[in-house]
Amino acid sequence: MATLTHARALVSSRLRSGLLCAALSAAAFGLSGPLARGLIDAGWSPAAVVIVRVLLGALVLLPVAVTRLRGDWEPLRRNAGLLGGYGLLAVATAQLAYFNAVAHMDVAVALLIEYTAPIAVVVWLWLRHSQKPGRATVLGAVIGVTGLALVLNLRPGTATSWVGTTWALGAMIGAAAYFILSARAGDEVPGTVLATSGLLVGGLGILAAGLIGIVPLHATTAAVAFGGFTVNWWVPLLALGVITAAISYVTGIAATRLLGSRLASFAALGEVLAAVVFSWALLRQTPAPIQLLGGALVLIGVVVVRLGEPADDPLASDTPHP
């Protein structure tokens with residue numbers, strides 16, 4: 001009996017810690033879109049913003065990552081493919097596509113499209129690991145898709161940025177990879193090492209693409225204007241690197257390892273709420289009432305999916321290494 005009580009206490013503690021990490025990560029990630037939109041409006045290209053953001057984040061985390069490795073570089077060699085895929089998909093693809101999306105549409109709308117990623121995670125777990133979703137999970141997915149349709153506001157005569165929508169769907173693929181690969185790394189690669197490696201690979205990958213002309217690179221030192229005030233160009237860049245890259249990725253990886261890839265992907269939808277608040281405060285962007293209703297339905301899907309969440313997740317590890 002005592003053993004059972006202790007086990008339940010550990011599960012409860014793990015859940016609380018995971019949800020706290022997910023909340024911190026969501027708030028940090030939610031700030032990235034409004035900050036990036038301000039820089040893009042000031043003359044920065046989305047690729048340039050991503051490069052500075054992720055490489056600065058990697059620089060912040062690098063001393064911690066090196067300390068965590070304790071001179072043992074073998075985990076990096078054994079997991080080179082995983083680390084490369086994480087950097088190119090979970091970092092480069094997700095962030096570049098998202099920042100291109102917010103250049104064409106409101107931040108909250110782009111983010112809500114991106115965060116249909118949990119549905120992709122559910123499908124992946126079903127196809128790859130034969131983990132068939134239960135009725136509650138399916139119902140939550142249906143509610144989420146319904147909410148997405150309202151977020152897109154697909155009414156006759158309503159202007160919709162299909163360029164922005166396409167970029168946001170690309171960001172959805174990157175976000176799904178983020179949740180799956182964060183959990184797959186397991187105990188062998190500490191979370192700070194995974195985040196640092198991913199940020200370095202992603203940033204250098206986009207930089208190489210920019211240098212050979214695949215993506216446009218341009219920046220400016222002009223002041224960045226937000227809702228009712230302006231700041232020096234380096235202020236949002238510093239916040240993007242430290243808060244929305246270093247802090248957000250480490251806490252997000254920890255949350256995924258504590259909660260499992262499926263639950264973490266739905267808990268991370270709190271980023272949408274953070275993005276709505278930050279978009280209103282910094283950009284004076286407010287979604288239409290029907291889009292707010294859609295956003296509410298997407299978040300309700302989180303609760304429904306939680307009710308159907310299985311006790312085990314084949315992608316979750318036993319112990320996080322933030």
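Below are the figures for this structure:
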item: In the range 208-232, the residues that are more than 24 Å from the chain's Cα centre (by Cα) and not aliphatic (A, V, I, L, M); result: GLY213, HIS218, THR220, THR221, GLY227, GLY228, PHE229, THR230, ASN232
item: Condition met for ILE300 (surrounded by fewer than 17 Cβ atoms within 10 Å (Cβ to Cβ), at pLDDT 75 or above and under 30 Å from TRP124 (Cβ atoms)); result: yes
item: Long-range neighbours under 6 Å by Cβ, at least six apart or interchain, first residue farther than 13 Å from MET172 by Cα and in contact (Cβ under 8 Å) with a residue 60 or more places away in the chain within the range 89-108, second surrounded by 24 or more Cβ atoms within 10 Å (Cβ to Cβ) and among the hydroxyl-bearing types (Ser, Thr, Tyr); result: VAL107/SER279; ALA108/SER279
item: Scope the range 284-302; condition farther than 30 Å from ALA225 by Cβ and not hydrophobic (A, V, I, L, M, F, W, C); matching residues; result: GLY301
item: Selection within the range 46-81 - of a type in the set (Gly, Ala, Ser) and buried (at least 20 other Cβ atoms within 10 Å of the Cβ); result: ALA47, ALA48, GLY57, ALA58, ALA65
item: Selection within the range 278-289 - over 17 Å from the mean Cα position of the chain (by Cα) and at pLDDT 80 or above; result: TRP280, ALA281, LEU282, LEU283, ARG284, GLN285, PRO289
item: Matching residues in the range 75-88 - criterion: being charged (D, E, K, R) and either without any contact (Cβ under 8 Å) to a residue 12 or more places away in the chain or closer than 25 Å to ARG37 by Cα (or both); result: ARG77
item: Helices (runs of 4 or more DSSP H) fully within the range 47-148 counting 2 or more residues that are within 17 Å of GLY205 (Cβ to Cβ); result: 80-85, 94-102
item: Output for the range 215-229, where each listed residue is in a strand (DSSP E or B) and surrounded by 13 or more Cβ atoms within 10 Å (Cβ to Cβ); result: VAL224, ALA225, PHE226
item: Single unsatisfied condition, ALA103 versus (1) within 16 Å of the chain's Cα centre (by Cα); (2) under 28 Å from GLY147 (Cβ atoms); result: (1)
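Conditions tested, residue by residue: (1) modelled with pLDDT of 90 or more; (2) among the basic types (Lys, Arg); (3) in a helix (DSSP H, G or I).
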residue	(1), (2), (3)
THR3	no, no, yes
ARG8	no, yes, yes
SER12	no, no, yes
LEU19	no, no, yes
ALA28	yes, no, yes
GLY33	yes, no, yes
ALA36	yes, no, yes
ILE40	yes, no, yes
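The values are calculated or read from the model by the stated rules, or taken from the named source; none is laboratory data. From a predicted model like this one, the values you see are computed outputs, not experimental measurements. Reconstructed Cβ throughout: ideal geometry from the backbone, glycine too, with neighbour counts over all protein chains shown.
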